[in-house]
Amino acid sequence: MNLRWWGSVATVIALALTGCASGQATDASVPGAVDENATLRVGYGTPPQSLDPHVECHIGCRPYWIPIFETLYDVGEGTQTLPLLADGMPEYSEDGLQLTIRLEQGHTFHDGTPIDAEAVKLSMERGKTLPDSTAAPTLRQVTTIEAVDEHTVRLTLAAPRPGFESELTGPAGAVISPVALADGRDLGL
């Protein structure tokens, strides 16, 4: 067996042991009670190939970029799509070709720039056109991206896609600071 195989086995065992640390239940009268104050530590055995959400190599890279870049929507219990930066679920036009997304107000990037409709538009346009973009196949379905006002984005789709917001829980829905995009930073680092 090769070294990579043994390294993978060691990583799996280490992760399993990390998650199985012994602990006491908070209420001794209830067997198996959950300690709400416990700490879970998780380690990854491999470094990310990139921190740029638009060039995510595979879903295993997501835990690395998700703490850095937020998305319009998130995945909740049972794979339910929930608003994250969006202020609710999108409104679809009767023909299903347009969806209007309102953004929660008051969010800013770490550089102080507001997270607004223009930032969403720039991020999606980058995801569509960036060489090697893994967001491009999803965003190729979007024919136009319009910043209707400061807190509203309207996407026009090539064909009706009910539930398209679920596709904006990953790289296609990642919102990147316009300042970072303008100065040409390597987001992979």
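A residue that is modelled with pLDDT of 85 or more, within 30 Å of Thr169 (Cα to Cα), out of contact with any Ser or Thr (no Cβ under 6 Å at 6 or more places or on another chain) and open to solvent by 60 Å² or more (accessible area, probe 1.4 Å) cannot be found anywhere in segment 7-29. One residue alone among Val175, Val148 is hydrophobic (A, V, I, L, M, F, W, C) and open to solvent by less than 30 Å² (accessible area, probe 1.4 Å), and that residue is Val175. For Val75, the conditions (1) farther than 14 Å from Pro171 by Cβ; (2) of a type outside the set (Ser, Thr, Tyr); (3) open to solvent by 40 Å² or more (accessible area, probe 1.4 Å); (4) in contact with a strand residue (DSSP E or B) (Cβ under 8 Å, 6 or more places away or on another chain) are fulfilled apart from (1). The residues in segment 82-97 that are over 19 Å from Leu157 (Cα atoms) and either of a type in the set (A, V, I, L, M) or touching a residue at least 40 places away in the same chain (Cβ under 8 Å) (or both) can be counted, and the count is 4.
Of all residues in segment 97-112, those satisfying the criterion of being open to solvent by less than 30 Å² (accessible area, probe 1.4 Å) and either under 15 Å from Leu181 (Cα atoms) or out of contact with any helix residue (DSSP H, G or I) (no Cβ under 9 Å at 6 or more places or on another chain) (or both) are Thr100, Phe109.
Report, by residue number, each residue of segment 151-172 that is surrounded by 13 or more Cβ atoms within 10 Å (Cβ to Cβ), aliphatic (A, V, I, L, M) and closer than 16 Å to Gln98 by Cα. Those that are surrounded by 13 or more Cβ atoms within 10 Å (Cβ to Cβ), aliphatic (A, V, I, L, M) and closer than 16 Å to Gln98 by Cα: Val153, Leu155, Leu157, Leu168. Tell me, which residue of segment 35-45 that is surrounded by 11 or more Cβ atoms within 10 Å (Cβ to Cβ) and not small (Gly, Ala, Ser) is modelled with the highest pLDDT? Within segment 35-45, the match that is modelled with the highest pLDDT is Asp35. For segment 113-141, a residue qualifies if it is surrounded by 14 or more Cβ atoms within 10 Å (Cβ to Cβ) and among the polar types (S, T, N, Q), and the qualifying residues are Thr113, Ser123, Ser133, Thr134, Thr138, Gln141. Residue-level check: of (1) within 22 Å of Lys128 (Cβ to Cβ); (2) surrounded by 15 or more Cβ atoms within 10 Å (Cβ to Cβ), Pro83 misses just (1). So in segment 116-132, with the set limited to residues that are of a type outside the set (A, V, I, L, M) and touching a residue at least 24 places away in the same chain (Cβ under 8 Å), which one is farthest from Ser177 (Cα to Cα)? Only one residue tops the list, namely Asp132.
The values are calculated or read from the model by the stated rules, or taken from the named source; none is laboratory data. This structure is a prediction, so every number in the text was calculated from the model and none was measured. Positions of Cβ are generated from backbone atoms using ideal geometry, with glycine treated the same way; all protein chains shown enter the neighbour counts. Ligands, DNA and RNA are excluded from the accessible area calculation, which covers all protein heavy atoms including side chains. Shrake-Rupley method; radii C 1.70, N 1.55, O 1.52, S 1.80 Å.
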